[in-house]
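As structure tokens, the structure follows; a few thoughts come after it.
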Amino acid sequence: MMGENTIRVLLIEDNPGDARLIQETLAEGGNRVFHFTWSPTLAAGFKHLDAESADVILLDLGLPDSAGFATFEKVRARVPQVPVILLTGLDDESLASKAVRGGAQDYLVKGDVGGRLLGRMIRYAIERKRSEETLRESARRLEEAQALGRVGSWEYDLEQKKISWSDETFRLFERDPKLGPPTREEELKFYSPEQLEKLLEYARRAVAEKKDFEYDTAAVLPGRKRIHLSSTLHPISDAQGRVVRLFGTLQDITARKQREQELEAVAAVSAALRGAATRTEMIPIILDQLLTLMDADGIMMALPVPESRDVFVELGRGAWESATGKRISLQSVSAAEILAGGKPFLRNDIRMHTRPLTSDFLGESRSIAGVPLTTQGEHVGLLWVGSRRNLSDHDLQLLIAVSDIAASAVRRATLYEQTEERLRKLDSMRTIDKAITGSVNLGVILSVVVQQAIDQFPSDAASILLLSPGTSMLTYAAGSGFHGREIEGTRLRLGEGPAGRAALDRKTIGGSISPESTARPSIAAEGFAAHYATPLIAKGLIKGVLEVFQRTPRSVDQEWIRFLETLAEQAAIAIDSAQLFERLQRSNIDLAMAYDATIEGWSNALDLRDKETEGHTQRVTDFTINLARSAGILEADLVHVRRGALLHDIGKMAVPDSILHKPGPLTEEEWKIMRRHPTSAFELLSPIAYLRPALDIPYCHHEKWDGSGYPRGLKGGDIPLSARLFAVVDVFDALQSRRPYREPWPKEKILEHIRSEAGSHFDPDAVKAFLAVSST
């Protein structure tokens, strides 16, 4: 059984999981009971509506039997009086927004379903529906009341030029009938010059055309009170047909006009807001519409300053435009109390009652009215209006009527901007993640972090100070947004200034620039007004400090501070990763240098053992590198060619000195031992992983193009290219060197010998390349 507070909710959603989540969310609590019905298709939903009405419909735009904007149009056409809240995914958010502009009450992204948001949204939709029904009923009753409203009359004698008023007309103009008719001068004050000219024109036409005229006009009574009148003008003729008198009636339609004005104001503001999405777009529209509708001098939207009777003016328009961005003391007019109590405020002759309201703020205004902007129990600001005329209860009601829509619009815009802001922050985190994964250059990473801090945090400049290893000094490493270069000379000890304390205390420090901060020349020269510093900590170690600076103070709440700290955490990870890679790279370089030094040591040891070939290894190595480069071997592979050339005779370590140093020809058995040195080189070097790519020369430099070489008898292209090139260089250097058993050959004889061996001993292409290099 449903009580009077029960809200009947119809959910049209095809996903059972989403339906269950929504039902559980609505069951979490609240002052009202939700009666929940689930329909998985649009047809099932319509069938339910035929049998039982609903207070609110939760509608998924993607159903098995209907999809897209047409789904909402079908529901609205079927039950136009029932508020509809759309359920949508992130990718359909623009479609849902279109539906809201088309008449839907609101929309909710499915990922945001949870907590009390959905329940508040449903209650707000129903309260808004009931408010609209109340407005329509009030307007109907008002129109009925106008039929019985006060009606006055007057008569003007054209010959005597004399006017007479009925007692009810006196009362309409708030004049005691006992005082008699007003003077001509008093009478003219009731109408503006334009209205008076219109009235006289109708009177002349009534006389000339002898017909009635009906028109609406307004009059300003003593005390600057404005009333609206519906008038008729009837010419009265004598027996000869001459118009001798004018008879007029006046009906007070002020209440009706005021109600129409309220409805028009709500409609005008609603229409103007349809094209606005952000708070920055909405607030000027609301203020400008109200300024015109209320015929006011100044208007502003303000936020109460916590724990004070002051307000911060978010935006001022009209005569109060200069108040934008200022903090104003209202003292006896307590903005905080109005907001807390949710009650409107109206006061005329404000200068006599509220001394703290200065002329700079009021301008020429003598009256002010204020209302809180409240929606779903949440206060989103205050509206204040000022006027040179006395503001009436009607003015206040008009302000209240628009404030409900304004509050809802501002809240929605605020939620939208918060969502956009969170997306921008997530995108900022992704940008830094890409910098971490896509680069190992510390300078590039720091530049990305600094730029993100400026783009996403309300700041004008940012810098990163890194802690120097083994010291307690923070030194400038990157920055952006600074006018000069003084910041680049920053050096602070841990604990020195806000940045040093942030690092030492491991917490964020910031706010208005202090004298301690301006002692830093780099800050004083830039004219900063606010400064925030947060430590960069990775793996429990301080890496440095991220600083952001503001030249104009802007609001920074705890959410912004948390974002800055998250940014710092990402930056610290990036810095730690880059520094770790840098140390690893340095270690690799040191290790490679040690390897090369070891190889060169082995090569020198071989030369010392075989004094007859001293210097041979270094000469053939240098020549082979030049020849390999000209032959097109990649620079990355030249390091292996160099190592192979240096170690080409490492296998001779296994050859006895008696054979290696024998002054005469070797015997067949001695040659067998000598020819084993390439194999010995392979056996010695192959277990060493980093030398395996260099084995081609030590293992294959005695192979011949025709396959008659050793140790494996490789032929042609099966011989590694580096070994083919080296073989030519090795023979050239050996023939031009002195040996115990022969004199060195002349260069031309050597070159002729090499040419003759092309195609048998040597690769013909290797010979061509050698001859080209040796001739330069």
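Among the candidates Ala636, Ala628, the residue that is at pLDDT 75 or above, crowded, with 19+ Cβ neighbours inside 10 Å and within 60 Å of the chain's Cα centre (by Cα) is uniquely Ala628. Per this entry, Arg642 is counted among residues that are assigned to a helix (DSSP H, G or I), open to solvent by 60 Å² or more (accessible area, probe 1.4 Å), touching a helix residue (DSSP H, G or I) at 6+ places or on another chain (Cβ under 9 Å) and under 16 Å from Val728 (Cα atoms). Residues that are charged (D, E, K, R) and either closer than 25 Å to Ala723 by Cα or part of a helix (DSSP H, G or I) (or both) within segment 647-690 comprise Asp649, Lys652, Asp657, Glu668, Glu669, Glu670, Lys672, Arg675, Arg676, Glu683, listed in sequence order. Whether any residue in segment 756-766 is buried (at least 19 other Cβ atoms within 10 Å of the Cβ), modelled with pLDDT of 90 or more, in a helix (DSSP H, G or I) and touching a helix residue (DSSP H, G or I) at 6+ places or on another chain (Cβ under 6 Å) is what I want to check. Within segment 756-766, one or more residues are buried (at least 19 other Cβ atoms within 10 Å of the Cβ), modelled with pLDDT of 90 or more, in a helix (DSSP H, G or I) and touching a helix residue (DSSP H, G or I) at 6+ places or on another chain (Cβ under 6 Å).
Restricting segment 36-58 to residues that are open to solvent by less than 70 Å² (accessible area, probe 1.4 Å) and in a strand (DSSP E or B), the residue that is modelled with the highest pLDDT is Ser39. Evaluated against (1) more than 60 Å from the chain's Cα centre (by Cα); (2) in contact (Cβ under 8 Å) with a residue 40 or more places away in the chain; (3) surrounded by fewer than 22 Cβ atoms within 10 Å (Cβ to Cβ), Val728 falls short on exactly one condition, (3).
Considering only segment 522-539, how many residues are of a type outside the set (A, V, I, L, M, F, W, C) and modelled with pLDDT of 85 or more? Explain how you work it out, then say what you get.
The initial filter retains those residues of segment 522-539 that are of a type outside the set (A, V, I, L, M, F, W, C), namely 522, 526-527, 531-532, 534-535, 539.
Checking which are modelled with pLDDT of 85 or more leaves us with 531-532, 534-535, 539.
Of the residues in that region, 5 qualify.
Filtering segment 732-755 to residues that are open to solvent by less than 70 Å² (accessible area, probe 1.4 Å) and either out of contact with any helix residue (DSSP H, G or I) (no Cβ under 8 Å at 6 or more places or on another chain) or in contact (Cβ under 8 Å) with a residue 40 or more places away in the chain (or both) leaves Phe732, Asp733, Ala734, Ser737, Arg739, Arg742.
If only residues of segment 690-719 that are open to solvent by 30 Å² or more (accessible area, probe 1.4 Å) and within 60 Å of the chain's Cα centre (by Cα) are counted, the one that is nearest to Ala758 (Cα to Cα) is Asp696. Test Leu61 against the stated conditions and say whether it is at pLDDT below 90, open to solvent by less than 30 Å² (accessible area, probe 1.4 Å) and under 24 Å from Lys98 (Cβ atoms). When the stated conditions are applied, Leu61 passes them.
The rows are residues; the columns are (1) closer than 12 Å to Leu546 by Cα; (2) modelled with pLDDT of 90 or more; (3) not in a helix (DSSP H, G or I).
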| site | (1), (2), (3) |
| --- | --- |
| Val440 | no, no, yes |
| Leu446 | yes, no, no |
| Val449 | yes, no, no |
| Ala453 | yes, no, no |
| Ala462 | yes, yes, yes |
| Thr471 | no, no, yes |
| Gly484 | no, no, yes |
| Gly511 | no, no, yes |
| Glu516 | no, no, no |
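Listed here are the residues, each with its yes/no results for (1) modelled with pLDDT of 65 or more; (2) surrounded by fewer than 18 Cβ atoms within 10 Å (Cβ to Cβ); (3) of a type in the set (S, T, N, Q).
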{"residue": "Leu86", "(1), (2), (3)": "yes, no, no"}
{"residue": "Leu158", "(1), (2), (3)": "yes, yes, no"}
{"residue": "Lys161", "(1), (2), (3)": "yes, yes, no"}
{"residue": "Thr169", "(1), (2), (3)": "yes, no, yes"}
{"residue": "Glu174", "(1), (2), (3)": "yes, yes, no"}
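When Gln570, Gln550, Gln585 are checked against the criterion of being open to solvent by 60 Å² or more (accessible area, probe 1.4 Å), modelled with pLDDT of 70 or more and either of a type in the set (D, E, K, R) or more than 17 Å from Ala503 (Cβ to Cβ) (or both), a single residue qualifies: Gln585. Of the listed requirements (1) crowded, with 21+ Cβ neighbours inside 10 Å; (2) modelled with pLDDT of 65 or more, Arg327 misses just one: (1).
Of the numbered criteria (1) open to solvent by 30 Å² or more (accessible area, probe 1.4 Å); (2) within 31 Å of the chain's Cα centre (by Cα); (3) closer than 23 Å to Ala578 by Cα, the one Arg491 fails is (2). Please enumerate the residues belonging to segment 453-479 that are under 16 Å from the mean Cα position of the chain (by Cα) and among the β-branched types (Val, Ile, Thr). Once the filter is applied, which keeps residues that are under 16 Å from the mean Cα position of the chain (by Cα) and among the β-branched types (Val, Ile, Thr), segment 453-479 yields only Ile454.
The values are calculated or read from the model by the stated rules, or taken from the named source; none is laboratory data. Everything numeric here is computed off the predicted structure, so don't read it as measured data. Using ideal geometry, Cβ is built from the backbone for each residue, glycine included, and neighbour counts are taken over all protein chains shown. Keep in mind that these areas ignore ligands, DNA and RNA; they rest on the heavy atoms of the full protein, side chains included. Shrake-Rupley method; radii C 1.70, N 1.55, O 1.52, S 1.80 Å.
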